[in-house]
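Data block below; observations after.
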Amino acid sequence: KQEVTQIPAALSVPEGENLVLNCSFTDSAIYNLQWFRQDPGKGLTSLLLIQSSQREQTSGRLNASLDKSSGRSTLYIAASQPGDSATYLCAVRFRGGSARQLTFGSGTQLTVLP
Amino acid sequence: GAVVSQHPSWVICKSGTSVKIECRSLDFQATTMFWYRQFPKQSLMLMATSNEGSKATYEQGVEKDKFLINHASLTLSTLTVTSAHPEDSSFYICSAHGPRGYEQYFGPGTRLTVT
């Protein structure tokens, strides 16, 4: 079964810290992996998308890496700010099923304390 | 670009009634849209894939007669929750593939509360 897992479920850090969110997936045959941010009661904002042929993507203070062989991705947030507080979701588009379907992890709820 | 909207953003209805949620791609055409449901503090669960001009594909365990999906045009898909019950109360989110085809863009979600 193709699954996506995120650890930890919740994380609380003081402002200014660098942090890493983890995502693992059970099948290395993927099209791409996408990281999203979700604020309470809101929809999803796409942060970074990594194609299967890529190793990492960067956007501002965010850096996402992909290691297909080990089934892992990390989202690195540098110099965290209270405004980064949100739930971060990892989603994978696996090969073999619907080519357009995303499978989501359960998310990591991040709180950055001022 | 690649904006997806949903209407309404929240709705309260009485048990036994039906409610329709709209999902629109504002600046691009979407032959395929997706409907997700999210319960509090849980992740998104795919309910169905909506295909323009054809029947939707439902995930296992999702009642197609209860959750009616109509993708009548390249910019609009609707989800109708029929004979709603309190356990249908949830956050419903739609998405569509953007112009490049490999990235999904999500709507802001609709909060449904059934009393």
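Descriptive notes on the structure:
- The set of residues from the stretch B:13-57 being of a type in the set (S, T, Y) and over 26 Å from A:Y88 (Cα atoms) comprises B:S15, B:T17, B:S18, B:T31, B:S54, B:T57.
- Residue match in the stretch A:66-73 (condition: basic (K, R) and within 11 Å of the chain's Cα centre (by Cα)): yes
- Screening the stretch A:62-79 for residues that are in a loop (DSSP other than H, G, I, E, B) and free of Cβ contacts under 8 Å to residues at least 60 places away in the same chain and picking the one that is most open to solvent (accessible area, probe 1.4 Å) gives A:S69.
- Filter result for A:L48 (touching a residue at least 12 places away in the same chain (Cβ under 8 Å) and either under 30 Å from B:L112 (Cα atoms) or of a type in the set (F, W, Y) (or both)): yes
- Within the stretch B:83-92, being surrounded by 15 or more Cβ atoms within 10 Å (Cβ to Cβ) and either free of Cβ contacts under 8 Å to residues at least 24 places away in the same chain or farther than 14 Å from B:W35 by Cβ (or both) holds for B:A84, B:S89.
- Close Cβ contacts (under 6 Å, 6 or more residues apart or on different chains) running from residues in the stretch B:93-114 that are part of a strand (DSSP E or B) to residues that are surrounded by fewer than 19 Cβ atoms within 10 Å (Cβ to Cβ) and β-branched (V, I, T) comprise B:L112/B:V11; B:T113/B:I12.
- Here the condition is being in contact with a strand residue (DSSP E or B) (Cβ under 9 Å, 6 or more places away or on another chain), within 14 Å of chain B (Cβ to nearest Cβ), more than 15 Å from A:S85 (Cβ to Cβ) and surrounded by fewer than 14 Cβ atoms within 10 Å (Cβ to Cβ); of A:I7, A:I30, it holds for A:I7 alone.
- Scanning the stretch A:80-96 for residues that are assigned to a loop (DSSP other than H, G, I, E, B) and either free of Cβ contacts under 8 Å to residues at least 60 places away in the same chain or open to solvent by 50 Å² or more (accessible area, probe 1.4 Å) (or both) yields a count of 4.
The values are calculated or read from the model by the stated rules, or taken from the named source; none is laboratory data. From a predicted model like this one, the values you see are computed outputs, not experimental measurements. Cβ coordinates were reconstructed from backbone atoms using ideal geometry, including for glycine residues, and neighbour counts include every protein chain displayed. Quick note on the areas: whole protein, heavy atoms, side chains included, nothing else; ligands and nucleic acids left out. Shrake-Rupley method; radii C 1.70, N 1.55, O 1.52, S 1.80 Å.
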